[in-house]
């Protein structure tokens, strides 16, 4: 059996919808008629989707906001990506003082701005605490290097 022919027939019959919709049977559906209500999303699809979003959407977004992004530590990159993934690009841009502090190289102020937000206090306090810790982790090491070399 040629699966490519079957695939093309299903694509023809189902069509593609990027956003969830209710099919004639009343089930929440997405893509090429994939029933997410009954079947859920397979982990392999979720993993691919996450990789795709990180590489195509969130990392390029952060690279535009932070010209020095490629030089940030892995921990700081991961923390920023996790934050923007959690709250979205629009809400992330509302953290103007934090963004400015990061662009100024002031991770202590950036951490304080993140920590003193509704996002950290009530939305996702455990996640925010970890992000703040990752912001500061390299800062502590850097402060020690600066102290030892001055």
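The values are calculated or read from the model by the stated rules, or taken from the named source; none is laboratory data. This is a predicted model, so every value here is computed, not measured. All Cβ positions, glycine included, derive from the backbone under ideal geometry; neighbour counts span all protein chains shown.
Whether any residue in region 34-55 is at pLDDT 95 or above and surrounded by 15 or more Cβ atoms within 10 Å (Cβ to Cβ) is what I want to check. No, region 34-55 contains no residue that is at pLDDT 95 or above and surrounded by 15 or more Cβ atoms within 10 Å (Cβ to Cβ).
Evaluate the following for residue 58: is it closer than 22 Å to residue 134 by Cβ, surrounded by 15 or more Cβ atoms within 10 Å (Cβ to Cβ) and outside the structural domain of residue 130 (by TED's automatic domain parsing)? For residue 58, the condition - closer than 22 Å to residue 134 by Cβ, surrounded by 15 or more Cβ atoms within 10 Å (Cβ to Cβ) and outside the structural domain of residue 130 (by TED's automatic domain parsing) - is met.
Among the conditions (1) in a helix (DSSP H, G or I); (2) under 30 Å from residue 100 (Cα atoms), residue 38 misses just one, which is (2).
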